[in-house]
1. Provide a whole-number value for the mean count of partner chain Cβ atoms within 10 Å of the Cβ atoms in peptide A:95-102.
2. Amide H to amide H under 5 Å from A:His172: which residues, 5+ apart in sequence or cross-chain, H placed 1.01 Å off N in plane?
3. Given the rule -39500 (n - 2.57) for each run of at least 4 DSSP H residues, summed and divided by the residues of chain A, what is its mean residue ellipticity at 222 nm, to the nearest 500 deg cm²/dmol?
4. Over region A:41-126, what portion of Cα pair distances is larger than 20 Å, expressed as a whole percent?
5. Pop out the ³J(HN,Hα) list for region A:101-110 in order, Karplus 6.51 cos²θ - 1.76 cosθ + 1.60 with θ = phi - 60°, rounded to Hz; leave Gly and Pro as x.
6. Take peptide A:243-253, look around each residue's Cβ out to 10 angstrom, count Cβ atoms belonging to other protein chains, and average those counts.
7. Among the aspartates and glutamates, which have Cα under 16 Å from the Cα of A:Lys236 when same-chain residues fewer than 8 positions away are ignored?
8. Can you tell me the dipole magnitude for the protein assembly as shown around its Cα centre, using point charges on the Cβ only (Lys, Arg +1; Asp, Glu -1), in Debye to the nearest 20?
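What follows is calculated from the coordinates using simple rules that are stated; it is not laboratory data. Please read all numbers here as calculations on a predicted model, not as lab measurements. Cβ atoms come from the backbone with ideal geometry, glycine included; neighbour counts cover every protein chain shown.
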Amino acid sequence: MTTVRESLNEALVACLQESPEVYFLGEDILDPYGGAFKVADGLSTQFSDRVITTPVSEAGIVGVGIGMALRGLRPVVEIMFGDFITLAADQLINHAAKIRWMSGDAARVPLVVRTPMGGGRGYGPTHSQSLEKHFLGVAGLRVVAVPSLEDPGALLCNAVLEDDDPVLFVEHKLLYPSAILPLDGRGDFDIVRRSNGYPDYQLQLHRSPKPSLTLVAYGYMAELAREAMRSMAYEKEIFCELIVPTQISPFKLESLYESAAQTKRVLVIEEGSQTMGWGAEVSARLHEDMPSTIKVGRIGALEMPIPAAIQLEAAALPSVEKIMNMAVALVA
Amino acid sequence: MEHSPEHADLYRKMLRIRLFEERLLDLFPGGQIYGTTHTYIGQEANAVGVLAAMQEGDLVVSNHRCHGHFLAYGGSMHALAAELLGRETGICGGRGGSQHIKWQEFFANGILGGTVPIAVGMAFAETTKQRNSVVFTFIGDGTLGEGVVYESLNMASLWNLPLFFVVENNRYAQSTPVELNLAGDICARFEAFGISAMELEARDVFEIMQCARENTPSVRAGEGPRALILHTYRFAPHSKGDDTRDPKEIEQYRAQDPLQLLAAGIENEERQQIEKEVAEEIAEAYTNAESDPQADPESLTFPLGGAS
């Protein structure tokens, strides 16, 4: 059984092997430590000259990555916790995202900034957030969220080796130990991949009847959504289709539109705080772009910092139960 | 002031910047120029002197006050004028304007300090390609207030990278005098990171040039970054109409104008010839730019191929 962490780690090895232009930078990433979440495990031993441990300087190291990318390298910068990405916001928004466009395509920034987001580990208000919402809609910056589906490493390889633009690559920390669900039908879901590169996935429970509700979720929320789909099918005979995008920004919503056209009901699930978040924009797009009226519900974190204590944190974040309750209300 | 065969050439280079910028400021009241600008009038000797040490393949990382650096780097005066006038022939087709330039190995961005770690990354990449190039990185005294500068100095020194930092201390961060926003010593900031730093009262372009030429070979040879602090003065406002400085102070500095100091050392006839040629060059650059087609909104593209 391959986990998401192993898949990402193997992808980094493959990228470093494949291209001498690939460099890996981050804090505490050298062996034997191998990074706070061990995604960098073994890299510095195998590629000692291209795996660079850095000072605790998030803005600085993202800037260094931009400079390297502008000069023909393909750097990967690890930010230890997604919460720290605020420190590099200027580099991502005012530099990485703009340089290619401002220069009229005279320069490119093939940079990947990888970072673990999300709660569920009791790390409290500054080590548990899903801050990617603040980087969505930044023109020139791609935001990709890895799910525990098919081949997470392929998604990372695509960002590192194929994408000539800056990518904020979001990894939910609860997904690292998760088993990957393959597309071959071994699990209890039928999964269809839509497009390549940064695909969308469509999931339905094996042999389930026509869905009456579309769920849309990325990253770890797609795992919660799957669990909710099982419970709803067996306990309430509500059948759903789940859409899992991997490119969160810019929007790619064709798969969602197709599903929503069938079900007419969509539940958007995100772990970031709900107000003015990803779900709000998805909802607006559904209303603007779909010819028929779509009933939309949203689930996100409560509008407060993420608390540390286990029962408080659970109350603040989305859960299977919250998804089910909202789903039942939508199909009623 | 010493004499050298480069005397006339340096004068021409500095005068090109001076007259280009003066013409630019003249255009604002007439409404021909949209947006803003930060002129280099008074500081010309810095870019011209420092970049005299530049070699083929070297990089320049500049800032909001970038026109002088760009012209000293060898950038096209016509393309710069066209960029400022919003023409499709501009350096970046009118997308970047005054502060955002990318041409060959020249990069400028309007975010203070944000360019410095990028310069460090460029220098890192140069070493991996064994290109022996130097990254000339220009910042000002105001930028010393930005934290990311110090993250960058740390890494530049830690990794022994080929950066030549130039601090142009023009004594004001926009309208705020340096005494009100800078504690301690500028050189000491670099020296704290193990970066050797020199400082000059930047009046004599020969002195600046000599200092840059003496101090860049070790940077090029991989012996680590160095810094040059140039105490300078801008004669024009920070931007356009935002000058609150005492006119007497400006006059005092104008009396020590590096350009006039240099002009005094050139024979009259040669000097007048240079002045005539440069004036013609400036007029032609602006006239051509003004007759170029306006940047076309149809040419706008969405980054990443998406509208979101």
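1. 6
2. Answer set, sorted by chain and number: A:Met117, A:Val146, A:Tyr220.
3. So the helix-based figure for chain A works out to -8500 deg cm²/dmol.
4. Everything past 20 Å amounts to 41 percent.
5. Once rounded to whole Hz, the list reads 5, 4, 7, x, 6, 7, 9, 10, 10, x.
6. Taking all residues of A:243-253 together, the mean is 2.
7. The qualifying aspartates and glutamates are A:Glu227, A:Glu321.
8. Charge dipole of the protein assembly as shown: 1760 debye, to the nearest 20.
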